[in-house]
Amino acid sequence: MIETASLLAVLPELILTAGGLALLMASAFGRDGIARVVNWLAVLTLIAAGLALWCSLEHGPDAFDGLVRADAFSVFAKALIYSAAAAAILLAPRFFAVGHAIRPEYPVLILFATVGMGMMVSAGDMLTLYVGLEMNSLASYVLASFMRQDERSSEAGLKYFVLGSLASGILLYGTALLYGFTGTTGFDGISLALADGVSKGELFGLVFVLAGLAFKISAVPFHMWTPDVYEGAPTPVTTFFASAPKVAAVALTVRVAIEALGPAGLDWQQIVIFVALASILFGSVAAIGQTNIKRLMAYSSINNVGFALIGLAAGTPAGVAATMSYMTIYVLMTIGSFACILQMRDAQGNPVESIASLAGLSQSRKGLAAAFAIFMFSMAGIPPLFGFWAKFLVFDAAVAANLAALAVIGIAASVIGAYYYLKIIKTIYFDEPAAAYEARGGAVENVILTACAVVIVLGYLLNPVLDQASAAAAASLF
Amino acid sequence: MDGFPILSLMMAVPMAGAIACLFVGARQARWIALLATLADFVLGILLWINFDQSGSAPQWQFQEYLPIFGRFAWALGIDGIALMLIALTVFLMPICIGASWQAIEKRVGEYMAAFLFMEVLMIGVFAAQDLFLFYIMFEAGLIPMYLIIGIWGGADRIYASYKFFLYTLLGSVLMLIAMMWMVHEAGTTQIPVLMAYNFDPHIQIWLWLAFFASFAVKMPMWPVHTWLPDAHVQAPTAGSVILAGVLLKMGGYGFIRFSLPMFPEASAELAPLIWGLSMVAVVYTSLVALVQSDMKKLIAYSSVAHMAIVTLGLFAFNRAGLEGAMMVMLGHGLVSGALFLCVGVIYDRLHTREIARYGGLAINMPKYAVLFLLFAMAAVGLPGTSNFVGEFLSLMGVYQVSTWAALVGTTGIILGAAYMLYLYRRICYGEQKNADAAAMPDLSMREMWLLAPIAAVVLWMGVYPESFLAPMRPAIHALEARLASAAPAGDSKIEMGAAIPAGDGAAHETAAHGEAH
């Protein structure tokens with residue numbers, strides 16, 4: 001017997017599923033020119049789902065006997081995921097138009113991936129989690145190889161699929177162990193069973209679950225797929241990978257760590273600290289030698305996940321709030337950066353990806369150069385840009401949780417990271433001009449770019465809102 | 001002036017100018033920048049006039065408080081120390097714009113915008129009353145300076161810009177962690193409250209070291225000074241002026257605003273470290289300055305030596321030392337700025353900083369020679385110029401706590417005379433070796449307008465320093481009182497002699513006269 005309240009709590013997912021299916025039919029039977037219409041309808045579906053979040057919050061927090069959670073945390077994460085997905089859809093047409101690969105399946109796949117991500121962040125049970133994760137992953141594998149004629153794109157899809165399945169297997173094995181030793185797959189039940197001490201079997205389960213999740217958030221040492229997939233996938237898809245699924249996976253990790261594994265906090269804290277520091281260090285050192293901007297962004301995302309995890313390592317409500325704020329600001333910076341990268345097109349309109357081609361951009365495209373510099377300084381965590389505030393919050397949470405040593409090492413490593421962001425700014429501003437890019441960017445690209453840049457510059461004015469929302473989200477987990 | 005947000009206005013004017021400069025042509029950008037900085041200078045004068053210097057006045061004036069940022073607030077306010085440094089900033093800025101009038105030809109709008117943004121941040125650093133607002137302003141200064149060095153700098157500008165950025169960033173981030181810890185401990189971000197908060201002396205050491213990492217790099221102190229010569233040599237003239245004139249003062253301001261009042265016990269315990277580093281810096285960098293063949297590098301090293309006198313004075317823990325340190329900061333801000341302008345003047349003509357390429361300039365550039373001499377003498381610390389007051393007070397202050405530090409510190413003045421006079425002799429005296437150097441025209445009207453105001457203030461500060469000391473006195477009294485309990489015992493064992501009765505004194509004097517004749 002399914003209750004209406006439960007259905008209303010998952011209304012956003014229902015809207016997305018219905019919208020996705022309808023658009024799939026439309027694209028299967030529609031004429032060739034339907035792709036652009038489908039694009040806009042998909043964005044509308046996301047907006048509708050976003051509005052439905054209010055409804056789901058009212059009928060939460062538990063739905064379907066605890067299989068699904070519709071709490072402030074999931075609403076916060078979903079709002080972020082929907083916005084990022086919408087941006088990824090809006091940024092795509094111009095890119096695909098060049099390769100004559102503009103097809104309506106792209107927005108549809110993103111919608112299905114978004115449904116999966118929605119399930120991930122509102123999972124209240126290991127099995128809901130797994131189903132959501134796989135739904136997102138399957139759509140993502142196809143998206144990575146979306147440009148089927150392009151060798152790199154197909155390779156990226158294959159790599160992502162093979163390694164992703166391995167990670168799913170690890171996660172599933174961990175789930176099985178936890179189920180075996182605790183007798184339940186529900187987060188509440190697992191938490192209850194762990195409260196009276198962590199047995200060896202439970203510990204193994206915990207490690208495997210976290211390893212599987214670390215793969216999804218591309219944290220070191222499970223990051224290997226990231227640079228190849230980010231480089232090979234079409235740029236709009238990379239934009240999507242770097243933003244929405246990242247938020248979903250981090251939010252999921254936070255929820256599992258706090259809600260299900262909360263009593264084993266001391267056990268997973270060590271793992272999270274190691275993974276965080278390793279990601280920060282590896283992400284920043286490995287990025288230095290990169291010559292391809294998408295590959296560099298991949299390492300940058302590894303680096304950023306490390307910082308976000310510092311908030312989780314603190315394990316406090318303030319830490320979780322900091323992690324969620326971090327992801328919010330990270331999504332803004334990432335979407336903005338990729339809106340810049342998408343504009344890297346030579347005079348014929350073909351996309352270019354080498355960092356060297358950015359040389360002297362400040363003289364040919366002043367606005368684009370300034371926006372790029374703003375995002376890079378922000379990623380490096382230099383005030384007064386908003387990226388600084390993201391780092392500030394996670395380190396502040398760590399200091400408050402008596403992890404000052406972690407904060408000191410992490411922040412010192414952020415200086416290494418600053419170097420490669422500076423290198424891009426140096427290429428843009430200090431070097432002699434290379435061949436000029438296409439003279440103008442697309443209107444949609446420019447609007448998204450400007451919006452992100454304005455928020456990054458004036459973001460501090462949003463602090464009270466962000467503080468309140470992230471604190472409410474964090475409070476719903478404890 | 002009650003309630004009028006003059007400090008915010010002083011930041012808003014250059015900010016508006018900076019934004020405007022990005023959208024206009026070269027000519028308009030120059031004028032916008034000049035007008036914005038002049039307007040700020042006028043506001044600065046108003047600020048000084050309206051600042052209540054009497055002993056009964058509140059320590060913090062012109063306070064503004066807007067809690068709009070959630071975790072921290074837009075809190076501004078100044079005491080006398082901040083007032084003087086803001087005055088220095090707004091005084092030097094129009095001069096910097098003037099110095100770049102012709103020297104900068106490419107991307108003028110962006111250049112002027114970077115400078116105006118820099119001014120916003122410098123005023124923000126000195127006026128911030130919220131710990132995190134201070135940090136944001138302090139750190140944000142890296143962005144415009146990185147661009148100024150990297151875009152408009154000399155041949156090796158990219159290396160210099162990276163070094164400047166990463167060095168100072170690494171120093172600052174540790175301070176940020178310490179700040180977070182302090183805010184959690186004390187439960188407030190208000191600087192005035194934190195200045196009176198007593199942290200556990202054991203923790204103070206760590207906090208002090210974290211702040212030291214930042215301020216020592218910014219100052220810069222030996223051995224973390226190496227970014228400075230590179231940055232100075234590669235930066236355009238106005239960049240050097242602002243770097244030496246104001247940015248270095250942020251380090252000294254940090255010590256006087258944070259390290260000393262917030263961690264008095266740790267400061268006292270670690271004072272020997274500061275003295276040691278300062279003594280090495282004074283002697284070592286002066287000797288290095290002596291052998292430089294590049295004018296800008298020479299002045300850069302002399303800056304390090306002068307800043308060491310500042311740290312000596314600050315960590316003397318007494319009024320003379322603190323007042324002296326502030327006066328050296330102000331004096332050095334003017335004099336080193338002026339010296340970089342003097343270098344800029346001849347660099348613009350001959351495009352080389354090699355000392356050996358010049359010679360005998362006193363013959364064809366007499367006006368220049370006179371002004372350069374004045375500033376060289378001021379750098380040496382000749383009585384009657386600004387630096388004398390500060391150096392004398394600092395060394396007098398440090399003598400009371402450490403005679404050795406005073407002794408070694410004073411050799412810095414002798415060595416300073418050596419390298420400055422040697423520099424002056426090589427550039428202005430002797431025979432005119434190179435025809436092109438001999439053919440250089442004397443100062444233009446624009447250059448006179450840049451150097452003459454600084455010369456006037458240098459003399460004013462040297463002859464009547466009370467104008468500058470008076471506003472700072474209440475703040476320095478308060479700081480001295482705060483430090484009194486922690487101040488280390490001196491090794492000079494000064495004892496006050498008993499006052500000699502007036503009659504006897506007169507008789508004594510006549511006797512002494514008699515003997516002399």
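The values are calculated or read from the model by the stated rules, or taken from the named source; none is laboratory data. Owing to the predicted nature of the structure, the values given are computational and were not obtained by experimental measurement. A quick note on method: Cβ atoms are made from the backbone with ideal geometry, for glycine too, and the neighbour counts reach across all protein chains shown. For the accessible areas, the whole protein counts, side chains as well, though only heavy atoms, and no ligand, DNA or RNA atoms are used. Shrake-Rupley method; radii C 1.70, N 1.55, O 1.52, S 1.80 Å.
Here's the yes/no breakdown for (1) of a type in the set (Gly, Ala, Ser); (2) at negative phi; (3) in a loop (DSSP other than H, G, I, E, B); (4) modelled with pLDDT of 90 or more:
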| position | (1), (2), (3), (4) |
| --- | --- |
| A:Ala113 | yes, yes, no, yes |
| A:Met117 | no, yes, no, yes |
| A:Leu127 | no, yes, no, yes |
| A:Val131 | no, yes, no, yes |
| A:Ser140 | yes, yes, no, yes |
| A:Gln149 | no, yes, yes, no |
| A:Arg152 | no, yes, no, no |
| A:Leu163 | no, yes, no, yes |
| A:Gly205 | yes, yes, no, yes |
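Of the residues making up segment B:157-201, those that are aliphatic (A, V, I, L, M), more than 19 Å from B:Ala75 (Cβ to Cβ) and open to solvent by less than 70 Å² (accessible area, probe 1.4 Å) are B:Ile158, B:Ala160, B:Leu166, B:Leu169, B:Val173, B:Leu174, B:Ile177, B:Ala178.
Pairs please, first residue from segment B:138-149 and within 7 Å of chain A (Cβ to nearest Cβ), second anywhere and in a helix (DSSP H, G or I), Cβ atoms under 7 Å, 6+ apart in sequence or on different chains. Note: pairs meeting the criteria are B:Glu139/B:Ser172; B:Ala140/B:Leu121; B:Leu142/B:Phe165; B:Leu142/B:Thr168; B:Leu142/B:Leu169; B:Ile143/A:Phe377; B:Leu147/A:Tyr429; B:Leu147/B:Ala114. The criterion of being surrounded by fewer than 24 Cβ atoms within 10 Å (Cβ to Cβ) and modelled with pLDDT under 90 holds for A:Val444. When the helices (runs of 4 or more DSSP H) confined to segment A:362-436 are screened for residues that are among the hydroxyl-bearing types (Ser, Thr, Tyr), open to solvent by less than 10 Å² (accessible area, probe 1.4 Å) and in contact with a Leu (Cβ under 9 Å, 6 or more places away or on another chain), those reaching at least 1 such residues are found at A:366-380, A:404-429. B:Gln61 meets each of the listed conditions (1) open to solvent by 40 Å² or more (accessible area, probe 1.4 Å); (2) more than 30 Å from A:Ser362 (Cα to Cα); (3) under 25 Å from the mean Cα position of the chain (by Cα) apart from (1). Contact map, segment B:411-423: residues that are within 16 Å of B:Ala308 (Cβ to Cβ) paired with residues that are open to solvent by 10 Å² or more (accessible area, probe 1.4 Å) and among the aromatic types (Phe, Trp, Tyr), Cβ distance under 9 Å, separation 6+ or inter-chain. Pairs shown: B:Tyr419/B:Tyr301. Determine, yes or no, whether A:Thr316 is of a type in the set (Val, Ile, Thr), in contact (Cβ under 8 Å) with a residue 60 or more places away in the chain and open to solvent by less than 10 Å² (accessible area, probe 1.4 Å). The answer is no for A:Thr316. Among the conditions (1) within 25 Å of A:Gly186 (Cα to Cα); (2) out of contact with any strand residue (DSSP E or B) (no Cβ under 7 Å at 6 or more places or on another chain), the only one that A:Leu67 does not satisfy is (2). Against the criterion of being surrounded by 24 or more Cβ atoms within 10 Å (Cβ to Cβ), among the aliphatic types (A, V, I, L, M) and assigned to a strand (DSSP E or B), B:Leu76 qualifies.
Beta carbons closer than 6 Å, at least 6 apart along the sequence or on distinct chains, never pair a first residue in segment A:410-421 that is within 9 Å of chain B (Cβ to nearest Cβ) with a second that is of a type in the set (D, E, K, R) and part of a helix (DSSP H, G or I). When residues in segment B:182-200 are screened for being within 12 Å of chain A (Cβ to nearest Cβ) and at negative phi, 5 of them pass.
In segment B:34-49 there is no residue that is charged (D, E, K, R) and within 14 Å of chain A (Cβ to nearest Cβ). For the condition closer than 24 Å to B:Met472 by Cα and more than 14 Å from chain A (Cβ to nearest Cβ), B:Gly77 qualifies. Residue-level check: of (1) assigned to a helix (DSSP H, G or I); (2) under 23 Å from B:Leu248 (Cβ atoms), B:Ala369 misses just (2). So, A:Arg103, is that one among the basic types (Lys, Arg), open to solvent by 40 Å² or more (accessible area, probe 1.4 Å) and touching a Pro at 6+ places or on another chain (Cβ under 9 Å) or not? Judged against the criteria, A:Arg103 is not a match. Here is the figure for segment A:395-409: residues that are more than 8 Å from chain B (Cβ to nearest Cβ), aliphatic (A, V, I, L, M) and within 14 Å of B:His184 (Cα to Cα) total 4.
Of all residues in segment A:63-82, those that are open to solvent by 10 Å² or more (accessible area, probe 1.4 Å), in contact (Cβ under 8 Å) with a residue 60 or more places away in the chain and hydrophobic (A, V, I, L, M, F, W, C) total 7.
Does B:Val224 fit the bill of being within 12 Å of chain A (Cβ to nearest Cβ) and open to solvent by 10 Å² or more (accessible area, probe 1.4 Å)?
Here the answer is no, as B:Val224 does not meet what is asked.
Looking at B:Leu121, is it modelled with pLDDT of 90 or more and either of a type in the set (Gly, Ala, Ser) or under 21 Å from B:Met179 (Cβ atoms) (or both)?
Yes, satisfied.
Scanning segment A:343-354 for residues that are open to solvent by less than 10 Å² (accessible area, probe 1.4 Å) and within 23 Å of the chain's Cα centre (by Cα), we see that the one that is nearest to A:Ala434 (Cα to Cα) is A:Met344. The set of residues in segment B:153-181 being more than 10 Å from every other protein chain (Cβ to nearest Cβ) and over 22 Å from the mean Cα position of the chain (by Cα) consists of B:Gly154, B:Ala155, B:Asp156, B:Tyr159. Report, ordered by the first and then the second residue, all pairs with beta carbons closer than 8 Å, sequence separation of six or more or different chains, a first member in segment A:445-462 that is within 14 Å of another protein chain (Cβ to nearest Cβ), and a second member that is open to solvent by less than 10 Å² (accessible area, probe 1.4 Å) and of a type in the set (Ser, Thr, Tyr). Filtered contacts from segment A:445-462: A:Ile456/A:Ser378.
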